[in-house]
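One structure is given here, and the rest of the page talks about it.
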Amino acid sequence: MLTFTQVWNALGPEIVLAIGGFVAMVYEFMVTGRAKQGTPWIAVFSVLVALPLTWSKLHAALATYSIAVIAVDDFGTIFSLFILVSALLVLLFAIASQARLKLAFEYAYLVLFATVGAMVICSALDLVTLYVGLELLSITSYVLVALHRKNVKSSEAGLKYLIIGSIASAIILYGLSFLYGIAGSTGLSRIATALQTAYGSEPGFVYLSMALILVGIFVKISAAPFHLWTADVYEGAPTPITAYLAVVSKGAVLGFLFRVIVWLFGAKLGEWFGLVGWIAVITMVIGNLGALSQRNIKRMLAYSSIGQAGYLLIPFSSLSSSTLASVMWQNLSSTVFYLFAYSFMTIGAFAVFGVVADAGGSEDVHAFTGLSRRSPWLAGMMTLFLLSLSGLPLTAGFFGKFSIFLGAIGAGQIWLGVVLFATSAIAFYYYFGILRAMYGKDPEGDRAPVRSSPMQHIVVALCAIGTLWLGIFPGPVTDLLSNLHWFG
Amino acid sequence: MQNVLLMIVLIPVFAALLTLTLNDRAHTIARSIGLLGSLLSALFALAAYIAFQRSDAAYQFVLTIPWATINNAFAGTPLTITFAFAVDGISLPLVMLTGIVSVMAAVRSFRVITRVKAHYVWQMFLVSGLYGVFASADLFTFFFFLEMTLVASFFLILIFGQERRQYAAFKFLIYRGIASVFLLLGFVGLAYALASSATAVSASQYMAYGPNFMSLNLLQLLDESVKAPLALGTQTWLFFVFLFAVLIEEAFVPFHTWLIDAHEQSDTSTNMLIGGVLMKVGLYIMLRFVVSMLPLALAKYSEWLAVLGVISILYGAFAAIAARDWRRLIAFSGISHMGLVLLAIGSMHALGLQGAVFMLVSSGLLTALLFYTVGAQAERTGTYEIGKLGGLSKSLPVLSGVLLVAALGTVGLPGLSGFISEITLFVSSFERFPWVSTLATLGMILAALYLLYAMQRTTFGPAQEAAQEGQGIVRDASVTEAIPLIVLVAFVIAIGVFPNILGVVVHPTVQALAGRIGG
């Protein structure tokens, strides 16, 4: 029988977020008018409570709760921290965009529920729990994308995301069902044991299930060639939600990938690394080439995020090509480091984009024309985020890419590292295209300074601090990561 | 004195940050800060030159600032990345070159009248990056400052260039971006290769990390490469990765088009910094990393280097003959002269290496001088086109005189810096590749042809339309404008007449280096 203490130890932050979500929901129903603006702050508050709770679980002794089918290990905790930090930034971003976007306040608790789902994925040890977490994240995301009900693009994006996402979920579920069939249990550790014999007796089903799970996950993190929905959905969704999809959804599903594939198929992963490596390569190439031709910044950032998914697949591929524990720890560290870097620079870029698009009434790259004159501060911040996305030194992006690169080389996968940097060089072109618009041209027509609210400044500044902090003083974070006991 | 290099690198950054806080219209303050920043850095460079132990071939003023650690990077051991600075007889002359050219460029930038603040900010970042590249003693530090020059030059070309500046800036960015990628690959490959062959590490490192140890620190890598040289196969791979990066960085044929566009579109002070200093980085990479750490591969492919060098010498020279525009002419002439350096490195001889360093410095000064002079002329006549100029010696005697000195120096007139560079460089290359070197001298003859012809067209003969328009109105170089000219000319003559002011610094280091490659 589980005691309350045990439940609290295992799921404390998730419980806080869920309660916060319900409180926000009820509050939003009950109040009217301006008071509704308090709703997102309830969400922010619950994330702020959940953050230290999650932090306190770091380095905790491994604990598995067989009934709750949840593990407390550093892998889950560090991914949860990433998810919470990103969710916090997205919530603040959404609050800052409220004035113009007129978002329905539902987003506040929807984001909280999605965040609970994302966190559950990363610490679940049972197929059913995993899948429930995945669906919680997915279904709320579908609604979030279509939040602008009256906007055709938004509802179309929501529908598209709903269809594609559901199919992907179904494919994953189908893959998971074979595992249940083989093991007669939904617990990951039981399945892992059963699989050891199943590789001999039922190899077809094992590989089929792994292939199905991989395909579903590739759709969700928009890896090529399963990426086609990305640009449309990202473009249609309200900008803060786009940032949420790009960062939190992608990161959480990556956590799912590591948890399931490493735990269950770790023994045979070596046979698959080549395939995953190729997927990473195709994703990097298609993402970065696709971004070249985009004029709409949101679509460009969408393609760029496809490219980033490719970078994030490199450690996964490297992980599986070596049996050395040190290679595994390094690749896990570099994934998490890059995720944090990615979160700050991507949300930051979307936040500046949101302000500029609002001011210019356009999502086109032209909206940035002459920004350095109209708002030197915003232009400077955007420059920082773009340089980080390009991977230039002293930004989080460089250190993240560099450690991914070293991880790939450590695993003997030099070619992946080469493609990583080659595609980054392509990316220079479109990132610097925005810089050209900001600095190289005079403002057309409207020369008035870009107006931005204090809240918007706070979001942008937080992201900038994160980007610079990870870029200039990466030491504390890398120390933290290297001292983790990932899977207990 | 230990912090002198850090000061040199940081002062321009502080100047840039200070300039950023200024009002957009505070032009005079921006100019003063830019000039003071450059001057102060240059003075520190001078201090380093004075304090430098001349008889010592080793790195001096070593300063290491730990930056970050990547755990489990190599065989389970961490990789410590540092900001490390040090100079030796090869890098110190280039630090000095950066000092001289950057001050002159700061003076020249007084002429910029639009977006003055932005100009100085980016220029200061470029200068800091250039200093950093030459003063770094860590592969990461080097890469960081190289990327800084990339971004700063991009903005300088993009904002302050001519009509096709956007095209030129992006071409610059992409070419040099790709070169950076290869360079980074080469760096990491080098670090890995030398780490795995490491035979002995210091006691404290052994205690901390065990026998396998990886480092990006240049001093350590040099140590390792001497103690346990890499196998020829590994060296060859790395050699080609580096060579490819260098060919792009240095704008050697067929990767030269970006440089021509960049020079043609940039403003004068940017041209001085790019042509005078940034274009020396590629060959510095060659000397620093390839010659010292990949000697076997260098020996095996040194003929290739010589041939590549000669191709660039001749191509550059012929293209310069065909050039109608002064900036194109100087750019091609620069490519031609950098080919000479490649030839000298291929000779694998101490004298050749010394000539290479001399040539880098001399060509840096002369290129800056040429760009300054033709920029000043174009400001008065409104054109860079050689065909439209003529008879300038009457209206602009000082500028025309300086142009003559610069042209003669580039051609290699005895008593000027170009001569001593060429003579040392050719002496060793003739010993090793008589035929190839004969071809290379053809490039020098062609240089005399195109430079003197262009010079003569510009300064003598009847005044052409463009110059006539300004007759009587145009003024010759003002005092502020003439100071950089005099300083640059003074250095060109000083090196030409007393080559030892450079030689004493360069000599021990190239001797040691040549000892390593058997020259």
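The values are calculated or read from the model by the stated rules, or taken from the named source; none is laboratory data. All of these numbers come straight from a predicted model, not from anything done at the bench. Positions of Cβ are generated from backbone atoms using ideal geometry, with glycine treated the same way; all protein chains shown enter the neighbour counts. Keep in mind that these areas ignore ligands, DNA and RNA; they rest on the heavy atoms of the full protein, side chains included. Shrake-Rupley method; radii C 1.70, N 1.55, O 1.52, S 1.80 Å.
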Original post:
Against the longest principal axis of chain B, how steep is helix B:4-20, in degrees 0 to 90 to the nearest 10, with axes from Cα atoms?
Top reply: 50
Original post:
Each label point is 7 Å from the Cα along the Cα-to-Cβ direction; what then is the distance between the points at A:S189 and B:K394, in nm?
Top reply: 9.9
**OP:** Past 29 Å, Cα to Cα, is the threshold; run A:K102/A:K160; B:K117/B:K394; A:K268/A:K401; A:K150/A:K220 against it and keep the listed order.
**Re:** B:K117/B:K394
**OP:** Pop out the ³J(HN,Hα) list for region B:239-255 in order, Karplus 6.51 cos²θ - 1.76 cosθ + 1.60 with θ = phi - 60°, rounded to Hz; leave Gly and Pro as x.
**Re:** 4, 6, 4, 5, 4, 4, 4, 5, 4, 6, 4, 8, 6, 7, 4, x, 9
Subject >> Sulfur and carbon atoms: percent of accessible area, chain B [1.4 Å] >> reply: 68
Subject >> Peptide A:399-409 - average C-beta neighbours from other chains (10 Å radius) >> reply: 4
**OP:** Step through the residues of region B:106-121 one at a time and calculate ³J(HN,Hα) from phi using the Karplus curve (6.51 cos²θ - 1.76 cosθ + 1.60, θ = phi - 60°), rounding each to whole Hz and writing x for Gly and Pro.
**Re:** 5, 5, 4, 5, 4, 6, 5, 10, 9, 6, 4, 4, 4, 4, 5, 4
Original post:
Under the rule of -39500 (n - 2.57) per DSSP H run of 4 or more residues, summed and divided by the residues of chain A, what mean residue ellipticity at 222 nm is obtained, to the nearest 500 deg cm²/dmol?
Top reply: -25000 deg cm²/dmol
Subject >> Angle between chain A longest axis and helix A:152-183 axis [Cα atoms, degrees, rounded to 10] >> reply: 10
Original post:
How far apart, in nm, are the 7 Å Cα→Cβ label points at B:R164 and A:S482?
Top reply: 5.0
Subject >> Other-chain or far-sequence residues with amide H under 5 Å of B:D138's (modelled H) >> reply: B:A84, B:L218
Subject >> DSSP-loop trypsin sites (Lys or Arg not before Pro) across region A:268-327, with at most 16 other Cβ within 10 angstrom >> reply: A:R295
Original post:
Under 19 Å Cα-Cα from A:K36, which aspartates and glutamates qualify once same-chain neighbours fewer than 8 residues away are excluded?
Top reply: A:E28, A:E106
Original post:
With a sphere of radius 13 Å drawn around the Cβ of B:G339, what net charge do the other residues whose Cβ falls strictly inside it have (Lys, Arg +1; Asp, Glu -1)?
Top reply: -2
Original post:
Considering every residue in B:151-160, what mean count of other chain Cβ atoms within 10 Å of its Cβ is obtained?
Top reply: 3
Original post:
In degrees from 0 to 90, rounded to the nearest 10, what is the angle of the helix B:165-196 Cα long axis to the longest principal axis of chain B?
Top reply: 20
Original post:
Straight-line reach from B:K227: which lysines have a Cα under 26 Å away, not including same-chain ones fewer than 8 places off?
Top reply: B:K300
Subject >> Rg [Å, one decimal], Dmax [Å, integer] - chain A, C-alpha atoms >> reply: 21.5, 72
Original post:
Just how many % of Cα pairs in region A:268-487 lie over 29 Å apart, if you round to the nearest whole percent?
Top reply: 29
Original post:
If you wrap a convex hull around the Cα atoms of region A:394-488, how much volume per residue is inside, in Å³?
Top reply: 144
Original post:
Which residues' amide hydrogens lie under 5 Å from the amide hydrogen of B:A73, considering only partners 5 or more residues apart or on another chain, with H built in the peptide plane?
Top reply: B:L79
**OP:** Within chain B, what's the longest run with no trypsin sites (Lys or Arg not before Pro) in a DSSP loop and at most 16 other beta-carbon atoms within 10 Å? Give the range, please.
**Re:** B:165-323
**OP:** Would you kindly find the accessible area of A:M30, with a 1.4 Å probe and non-protein molecules such as ligands, DNA and RNA excluded, rounding to the nearest 10 Å²?
**Re:** 150
Subject >> Volume per residue that the Cα convex hull of the protein assembly as shown spans, once the total is divided by residue count, Å³ >> reply: 161
Original post:
Once phi is turned into θ = phi - 60°, what whole-Hz ³J(HN,Hα) does the Karplus curve with 6.51, -1.76 and 1.60 give for every residue of region B:425-438, x standing for Gly and Pro?
Top reply: 5, 6, 4, 7, 6, 5, 5, 8, 10, x, 6, 4, 5, 4
Original post:
How long are the three semi-axes of the equivalent ellipsoid for region B:3-517, computed from the Cα gyration tensor as the root of 5 times each eigenvalue, in whole Å, largest first?
Top reply: 38, 26, 19
Subject >> Efficiency of FRET from Cβ geometry, B:I174 and A:W377, R₀ 45 Å, rounded to 0.05 >> reply: 0.95
Original post:
Under a 5 Å amide H to amide H cut-off, with H placed in plane at 1.01 Å, what residues pair with A:I70 once short-range neighbours are removed?
Top reply: A:Y65, A:L125
Subject >> Solvent exposure of chain A as accessible area per residue, Å², 1.4 Å probe >> reply: 33
**OP:** Compute the normalised compactness of region A:164-252: alpha-carbon radius of gyration over 2.2 N^0.38 Å, N being the residue count.
**Re:** 1.32
